[in-house]
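Asks: Mind having a look at this structure? Questions to follow.
The values are calculated or read from the model by the stated rules, or taken from the named source; none is laboratory data. Computed from a predicted structure; not experimentally measured. Neighbour counts run over all protein chains shown; Cβ positions are idealised from the backbone, glycine included. Only protein heavy atoms, including side chains, enter the accessible area calculation; ligands, DNA and RNA are left aside. Shrake-Rupley method; radii C 1.70, N 1.55, O 1.52, S 1.80 Å.
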Amino acid sequence: MSKIYVKKNDYNKLIGCIDLHIHTSCSDGKYTINEIIEASKKLRLKVISIADHSTMQAYNEIITYPNDMIILPAVEISSVFQDVKIHILGYGEGLLNEGFQKFLKETRDSFNKRFYDYLKLINYSKSDIKVENFIKDKSTLSVKAFIKEISESKEEENLLMSYYLPSDNYIVNSKDVINKIREFNGVSALAHFN
């Protein structure tokens, strides 16, 4: 089986294509949705999806976008399948519905509770580092960044990350995520394994 890849000389062939898995500064991305739209125009992308982690806040921040560009609503949700943490992408306009937004909020709240319970578990006590600095959009915690900051060595970082494992008590089951996406007329896809 041969590998499929794009040679450097073929990059121009990609102009006018799609990108269905983009993160904004509302989750773990660097740029706002409007900056991404501008960059997408320069790249002549015709279809994009903002798939932030457990939030669709970026869609409320769109100022304007080109008539010849389609922005397909999307979200990326952490879930557990057979004790493995996986990310599910959901696509569709129905995901902007208030009922689905409530589901995302419950997912975020559960994740954040898990994080605070985790801090208790490891007896976190470094008062010079504020947890709030690792909360993006006042809803999503950047756990990896936090652990990296509080760790005094690579060994300690690995140990702390090993405590921070998926748990059915905090993360929604993948089947439930897929069913919820379907309930709101969306389509789901596997994003990647963690």
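Asks: What tally of residues in the stretch 13-39 results from selecting those that are buried (at least 18 other Cβ atoms within 10 Å of the Cβ) and over 21 Å from His192 (Cβ atoms)?
Replies: 2
Asks: Among all residue pairs at least 6 apart or on different chains, which show Cβ distances below 8 Å where the first residue, located in the stretch 58-76, is within 15 Å of Gly94 (Cα to Cα) and at pLDDT below 90 and the second is open to solvent by 60 Å² or more (accessible area, probe 1.4 Å) and small (Gly, Ala, Ser)?
Replies: Filtered contacts from the stretch 58-76: no entries.
Asks: Output the number of residues of the stretch 77-93 satisfying the condition of being open to solvent by 20 Å² or more (accessible area, probe 1.4 Å) and modelled with pLDDT of 95 or more.
Replies: Qualifying residue count, the stretch 77-93: 1.
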